[in-house]
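Have a look at the structure below before the remarks.
The values are calculated or read from the model by the stated rules, or taken from the named source; none is laboratory data. These numbers were taken from a predicted model, which means no experiment stands behind them. Cβ coordinates were reconstructed from backbone atoms using ideal geometry, including for glycine residues, and neighbour counts include every protein chain displayed.
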Amino acid sequence: MTYDLHIDTGRWRAHLASTAARYPGLVPVIKGNGYGFGREVLAAEAARLGADLIAVGTYGEVPAVLETFAGEVLVLTPWRPFYDLAGLDLERVIHTVGRVDDVAALAAAHPGARVVLEGETSMSRHGLDRHELAAAVGHLDGLSLEGFSIHLPLVGDRAAEAERWAAALAASRVETTRLFVSHLDAGQLRALQAARPGLEVRPRIGTALWLGDTDALEVRATVLDVHTVAKGEAVGYRQRPVPGDGHLLIVSGGTAHGVGLEAPSADASPTGRAKILARGGLQAAGRVRSPFRIDGRQRWFVEPPHMQVSMLFIPAGTPVPAVGQTVTAAVRFTTATFDALRWD
Ligand SMILES: *Cc1c(COP(=O)(O)O)cnc(C)c1O
């Protein structure tokens, strides 16, 4: 009972199963912090779902999932000649390759390696330009081609872009009929598959799979201490005055758990920007809203979170949770680390 992720196991697994049913050919993505669950847990869940293939972010993530998952493992970060893969069992590993030079270099370094060629979409992150496909094919000798991959942005006409790549693939000399895609919804995938019956479309999904039913998940922090404070009283590492009469709550969950980490906002709308400015104003005044919810509201940090705990202020008149009770927290799962997973 510390800083835990509670999982409504039945509900969560039902969501995983229904997602797998809606996305035929699903490739579960298991990377980074394992979306808050940890990669080993998710690898076991992917096996339960009957997945034949999972995708990880980096080569460093490969060894542990090879132990928990008996199927194949696709590495999403494209292979580079400066990666040292010595000691890695590559038999069940599928590499992504996104540069013409790397196709030749991989063939030389790891003859027989299994590869997926990646195309450079409007994401512009990795991948071969459409005009480089022929050159890449020219270096494929000695490699086993397992498919073609595209990574799509979260906005824009992704269906049209996927169709353009499917057409480019069909017209190219890249000899594969398997296309790995990201960020198409179930309807868009069905349409692509219907338009290209000869193509085996494999959707890679992480967030919508593992975190798609947030009502199945609850983060609970434990109240570790409660202190009565008067307005102006200096508290914390920084000895800042508290903003009013009330209580200080010391709850489990600090920077080591990812509390206080916030991804830079991508909100470019006028109201979104105004909100960010307003928030900045409050931050400038030394007040930051915490993710911890008490009596229905997210409460203010008294000062930046500490390594293992956070200090919160609740004004007089608000019901005070007792030491040992839990409060919920609205956190970003992809930067969260929990003390324990609780399978309810
Ligand atoms: C992370 C990632 C995915 C999965 O993204 P989600 O938004 O978590 O579903 C798919 N493909 C690639 C290449 C990725 O890096």
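Observations, loosely collected:
To keep it simple, each residue is scored yes or no on (1) touching a Phe, Trp or Tyr at 6+ places or on another chain (Cβ under 6 Å); (2) surrounded by 16 or more Cβ atoms within 10 Å (Cβ to Cβ); (3) modelled with pLDDT of 95 or more.
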position: Met1; (1), (2), (3): no, no, no
position: Ile7; (1), (2), (3): yes, yes, yes
position: Arg11; (1), (2), (3): no, no, yes
position: Ala20; (1), (2), (3): no, yes, yes
position: Pro28; (1), (2), (3): no, yes, yes
position: Lys31; (1), (2), (3): no, yes, yes
position: Gly34; (1), (2), (3): no, yes, yes
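- Within the set Gly260, Gly232, the sole residue that is outside any strand (DSSP E or B), at pLDDT 95 or above and away from the ligand (no atom under 16 Å from the Cβ) turns out to be Gly232.
- So Leu209, is it within 16 Å of the ligand (Cβ to nearest atom) and not in a strand (DSSP E or B): yes
- Any chance His131 is under 22 Å from the mean Cα position of the chain (by Cα) and either within 15 Å of the ligand (Cβ to nearest atom) or not in a loop (DSSP other than H, G, I, E, B) (or both): no
- If the condition is being away from the ligand (no atom under 16 Å from the Cβ), in contact (Cβ under 8 Å) with a residue 60 or more places away in the chain and of a type outside the set (D, E, K, R), then region 212-229 contributes Ala216, Val219, Ala221, Thr222, Val223, Leu224, Val226, Val229.
- Any hit, region 39-46, residues being in a loop (DSSP other than H, G, I, E, B) and either away from the ligand (no atom under 16 Å from the Cβ) or over 23 Å from Arg125 (Cβ atoms) (or both): no
For every residue, the table says whether it meets (1) in contact with a Ser or Thr (Cβ under 7 Å, 6 or more places away or on another chain); (2) crowded, with 18+ Cβ neighbours inside 10 Å; (3) over 27 Å from Gly206 (Cα atoms); (4) aliphatic (A, V, I, L, M).
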| site | (1), (2), (3), (4) |
| --- | --- |
| Ala70 | no, no, no, yes |
| Leu76 | yes, yes, no, yes |
| Val93 | no, yes, no, yes |
| Thr96 | yes, yes, no, no |
| Arg99 | no, yes, no, no |
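- Any chance Ser182 is in contact with a Pro (Cβ under 9 Å, 6 or more places away or on another chain), within 14 Å of the ligand (Cβ to nearest atom) and of a type in the set (Ser, Thr, Tyr): yes
- Filter result for Ala55 (small (Gly, Ala, Ser) and part of a helix (DSSP H, G or I)): no
- In the set Asp213, Asp141, only one residue is surrounded by 15 or more Cβ atoms within 10 Å (Cβ to Cβ), modelled with pLDDT of 95 or more, farther than 23 Å from Met123 by Cα and not hydroxyl-bearing (Ser, Thr, Tyr); that residue is Asp213.
- Here Phe148 meets the list (1) without any contact (Cβ under 8 Å) to a residue 40 or more places away in the chain; (2) of a type in the set (Phe, Trp, Tyr); (3) part of a helix (DSSP H, G or I) almost entirely, failing just condition (3).
- Qualifying residue in region 169-179 (condition: out of contact with any strand residue (DSSP E or B) (no Cβ under 7 Å at 6 or more places or on another chain), charged (D, E, K, R), free of Cβ contacts under 8 Å to residues at least 12 places away in the same chain and over 30 Å from Arg299 (Cα atoms)): no
- For region 66-87, the set of residues classified as away from the ligand (no atom under 15 Å from the Cβ) and within 24 Å of the chain's Cα centre (by Cα) consists of Leu66, Glu67, Thr68, Phe69, Ala70, Gly71, Glu72, Arg80, Tyr83, listed by residue number.
- When Leu192, Leu211, Leu154, Leu143 are screened for being out of contact with any helix residue (DSSP H, G or I) (no Cβ under 6 Å at 6 or more places or on another chain) and not charged (D, E, K, R), only Leu154 passes.
- Hits in region 124-138 (condition: crowded, with 17+ Cβ neighbours inside 10 Å and either out of contact with any strand residue (DSSP E or B) (no Cβ under 8 Å at 6 or more places or on another chain) or at positive phi (or both)): Gly127, Glu132, Val137
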